[in-house]
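Visitor: I'd like to ask some things about the structure below.
Any read-out appearing in this document is the output of simple, stated calculations on the displayed coordinates, not a laboratory observation. Small disclaimer: the values here were computed from a predicted structure and weren't measured. Reconstructed Cβ throughout: ideal geometry from the backbone, glycine too, with neighbour counts over all protein chains shown.
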Amino acid sequence: NLTYTYFRCVLSIPGQLSSVTSEIAQLTLLRDYFTALSSLNDVVVREFDNHTFSITASSVSAGPISFQWEKSTNFIPATGTGTWTALSGETNSDLNILSIGASDNGFYRVRCTSSGGEVLYSNAAQLTMQAVNITVTTNIVTSVSVLEGNPGEYTFECEGLSSINTEV
């Protein structure tokens, strides 16, 4: 709760020489309403890529806001129903999901709590993983022999990934 002290009211009538002053009063703001909360957007993320959900929030007190990210695998947007599970340790304004896999499919939202104790939930955003399918487009030999000291070349093509790591 925020408390502002030393308020009083002075009542005077124009053209009169007298006025009435109230006793000192105390004004207490009981609720710390949110003044802004950004939105989350649905995303399609390629398998193995990373994604970050970010939220910004502010409240009347401009005090610190705490965050708790949640996930649902059965949320129904049309009815707003589903069960939500808090993501352990995910208490920042950003949620970083590394190396997206099938288990990351679902809906995400964040629970924001103002320093005055008011709670506000963000909208739910759906993360959909797009599977990466690797297709070999040329015949690849399984071994290459090169005489020591001579350069060797091994070429292949791959669809489905923007980059690929190889070891020789």
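Visitor: If segment 86-138 were replaced by its equivalent ellipsoid, with semi-axes equal to the square roots of 5 times the Cα gyration tensor eigenvalues, what would those be, largest first, whole Å? Write out the running numbers ahead of the final one.
Guide: Numbers: eigenvalues 233, 23, 11 Å².
After diagonalising the Cα gyration tensor, the semi-axes are 34, 11, 7 Å.
Visitor: Can you tell me the length gained on complete extension of the stretch SER66 to VAL119, counting 0.36 nm per residue apart and subtracting the Cα distance?
Guide: Details: separation 53, 0.36 × 53 = 19.08 nm, distance 0.95 nm.
Stretched fully, the SER66-VAL119 segment lengthens by 18.1 nm.
Visitor: Using θ = phi - 60° and the Karplus relation 6.51 cos²θ - 1.76 cosθ + 1.60, list the HN-Hα couplings for segment 50-66 in order, rounded to whole Hz, with x at every Gly or Pro.
Guide: Result, ordered by residue: 9, 9, 10, 8, 10, 9, 10, 8, 9, 10, 4, 6, 6, x, x, 10, 9 Hz.
Visitor: Now for a separate question. Spelling out what I want: for every residue of segment 118-124, take phi, set θ = phi - 60°, compute 6.51 cos²θ - 1.76 cosθ + 1.60 (Karplus), and round to whole Hz; glycine and proline get x.
Guide: Whole-Hz 3J(HN,Hα) from phi for segment 118-124: 6, 10, 9, 9, 6, 5, 8.
Visitor: With labels modelled as points extended 7 Å from the Cα through the Cβ direction, what inter-label distance (nm, one decimal) is found for PHE7 paired with GLN130?
Guide: Roughly 5.5 nm, to one decimal.
Visitor: Go through segment 16-27 residue by residue and turn each phi into a ³J(HN,Hα) via Karplus (6.51, -1.76, 1.60, θ = phi - 60°); whole Hz please, and just put x for glycine and proline.
Guide: 9, 8, 10, 8, 10, 10, 6, 5, 5, 10, 10, 10
Visitor: If packing is taken as the average count of other Cβ atoms within 10 Å, what order do 7-19, 82-94, 64-76 fall into, highest mean first? Kindly include the intermediate steps, with their values, before the conclusion.
Guide: Details: 7-19: 7.9, 82-94: 13.2, 64-76: 16.5.
Listed from highest to lowest mean packing, they are 64-76, 82-94, 7-19.
Visitor: Here's something else I'd like to know. For a distance above 21 Å, tell me the whole-number percent of Cα pairs in segment 1-138 that qualify.
Guide: 58
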